[in-house]
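Here the structure comes first, spelled out in structure tokens, and everything after it is commentary.
The values are calculated or read from the model by the stated rules, or taken from the named source; none is laboratory data. Bear in mind the structure is a predicted one, so any value in this text is a computation, not a measurement. Cβ placement follows ideal geometry from the backbone for every residue including glycine, while neighbour counts extend to all protein chains displayed. Ligands, DNA and RNA are excluded from the accessible area calculation, which covers all protein heavy atoms including side chains. Shrake-Rupley method; radii C 1.70, N 1.55, O 1.52, S 1.80 Å.
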Amino acid sequence: MAIHSTIKVLEHCKISPPPTTSSPPTTSIPLTFFDLPWLFFSPNQSLFFYEYHHPTSHFLSKSLPTLKHSLFLTLQLFFPFSANLSLPPKPHKPHFTCSQNDHVSITVAESSAADGEFSRLTQYQPRSVSEFHPLVPQLKTSVSGHDQRDLPLLSVQVTIFSGSGFCLGFAYHHVAADGRTFDNFIKTWSSLCRDSDNSLLIKKLPTFDRTAIVDRYGLEEIFLKKWFQRNCKSSSSDEEEEEEEKLTIGSETEAEFSGMVRATFVFDLTHMDRIKKWIVTQCLTKNKAVPVHLSPYVLTCSFVWVCLVRTFFQNENYFGECPSFLGFNAGGINRLDYRVPASYFGNCVGFGRSVVVMEELLGEVGMVVAANAIGNTIKRLDKALFDGAEKWVSDWEVFFGSDNHVMVSGSPKVDLYKTDFGWGRPKKIEEISIDKKRGISLIGSRDFEGGIEVGLALPKVHMDAFISVFNQGLKILP
């Protein structure tokens, strides 16, 4: 049951990078072919909850100034986050525009939630989705029209739960950075917040050399063509323009998510070992080859994918011969045949999409089928990251157009729970972007070394069914 609390805005402010000795002219940073596909996606939204057992007045006077100042210092190193995404009319290419007016908007707010609500929001059991969206900062996302549009890339909201904790909410456009880059940014900010004189950061300076990304397959031209085609369609109607102009992150109405709940499911190493043993035993018993790739990521995704398909099969009239899709991002830094610095600022990820006939996922060895499909996709990406890359955008259009898809966001390799601003590790992290995507989020577990937290948002009737299927699935494991 949703708790009806209100959010009172206390302050709006803008944090700009430190000024240089002389004001430089406006500069432009090009988008690479790795960045361009993200023009078609909505921004990422995430929430970091921290315990803080002091009243609002203490936070505003003691801690908020430190947060602001450390962000000020961090933006000197990660200045593109304070820049704008410029979307000029065809034939001009989208790019980042940096100027002396750049800034990141911060909203400071206070929740009216009663004592104990912070603790409830940071637990794992189902909670109303609509309770989390007021904690997400607004970010303009208009992309249509004939004139050039300059869109901010990042916004932040700090929501205080007086005497209990606070929530750091982020909305950022994926076109600016992948998860690796955003993790570098937020870890640098938290480190400077703990110690503004941290000299170790000199070793972690981001690099912005766009020539580090080599377009050997002409993908930039292909993706730009798709982008211009979409822009022409979206700007063909003035009414559509006006409607898109109103789109903002965090502006969804409560009614839009009425009846939806979000929950977290934790897989520790014991769970993964049991799933692996079950898969291997089934393969040996049925004289089938063991899947080539049984990493914690594959094991977790296979189990959840099968549970989701069985959940919706019980509640909706899907046909067994229909395809089921599982999509995910694949890090490119270690898959390229040339060197890209680990500190590179921008996107360097490919796209993976596994497809299985749903009847096979619903069968007796559905997890074996799922593990084979995901593992083979990863193996193919390891061998040739750009195989079929010219269809990345069109494939995702098919993917999201299907009623039977699962989108995987995040990576357990990025240890977000180490993001300590000086008040300890996060109590809970929620990926809000999955709410509209029928997706799951994966992050490294807070409490179990090597474990994975799976975030999921579903209508309550489907969440209840999923929990039942999930628990039944655990019971069959050795």
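Residues in the range 379-394 that are open to solvent by 80 Å² or more (accessible area, probe 1.4 Å) and outside any helix (DSSP H, G or I): 387 alone.
In the range 165-181, the residue that is farthest from residue 38 (Cα to Cα) out of those that are open to solvent by 10 Å² or more (accessible area, probe 1.4 Å) and assigned to a helix (DSSP H, G or I) is 180. Candidates 435, 387, 415, 464: the one that is farther than 16 Å from residue 311 by Cβ and over 18 Å from the mean Cα position of the chain (by Cα) is 387. Residue count for the range 465-478, restricted to those that are without any contact (Cβ under 8 Å) to a residue 12 or more places away in the chain and either closer than 17 Å to residue 298 by Cα or not in a helix (DSSP H, G or I) (or both): 0. None of 105, 61 is part of a helix (DSSP H, G or I), of a type in the set (S, T, N, Q) and modelled with pLDDT of 95 or more except 61. Scanning the range 30-49 turns up one or more residues that are surrounded by fewer than 16 Cβ atoms within 10 Å (Cβ to Cβ), over 26 Å from residue 134 (Cβ atoms) and touching a strand residue (DSSP E or B) at 6+ places or on another chain (Cβ under 7 Å). Applying the condition of being of a type in the set (S, T, N, Q) and in a loop (DSSP other than H, G, I, E, B) to the range 320-367 and asking which residue is farthest from residue 381 (Cα to Cα) yields 343.
Mind listing just one residue for me: the one in the range 103-133 that is of a type outside the set (Ser, Thr, Tyr) and more than 24 Å from the chain's Cα centre (by Cα) and, of those, most open to solvent (accessible area, probe 1.4 Å)? Once the filter is applied, the top-ranked residue is 115. Of all the numbered requirements in (1) in contact with a Gly (Cβ under 8 Å, 6 or more places away or on another chain); (2) closer than 28 Å to residue 313 by Cβ, residue 373 misses one, and that requirement is (1).
Candidates are the residues of the range 402-439 that are part of a loop (DSSP other than H, G, I, E, B) and among the basic types (Lys, Arg); the one that is most open to solvent (accessible area, probe 1.4 Å) is 413. With respect to the conditions (1) of a type outside the set (Lys, Arg); (2) open to solvent by 20 Å² or more (accessible area, probe 1.4 Å); (3) in contact (Cβ under 8 Å) with a residue 12 or more places away in the chain, residue 58 falls short on a single one, namely (3). Selection of the range 281-307 for residues being open to solvent by 10 Å² or more (accessible area, probe 1.4 Å), in a helix (DSSP H, G or I) and over 19 Å from residue 450 (Cβ atoms) yields 281, 282, 284, 285.
In the range 143-160, the qualifying residues are those that are at pLDDT 95 or above and open to solvent by less than 10 Å² (accessible area, probe 1.4 Å), and the one that is farthest from the chain's Cα centre (by Cα) is 160. Please determine whether any residue of the range 311-319 is over 26 Å from residue 398 (Cα atoms) and hydrophobic (A, V, I, L, M, F, W, C). Checked the range 311-319: no residue is over 26 Å from residue 398 (Cα atoms) and hydrophobic (A, V, I, L, M, F, W, C). Taken together, the residues in the range 14-29 that are at pLDDT below 95 and open to solvent by less than 50 Å² (accessible area, probe 1.4 Å) amount to 4.
Restricting attention to the range 440-464, the residues being out of contact with any Phe, Trp or Tyr (no Cβ under 8 Å at 6 or more places or on another chain), in a helix (DSSP H, G or I) and open to solvent by less than 70 Å² (accessible area, probe 1.4 Å) number 1.
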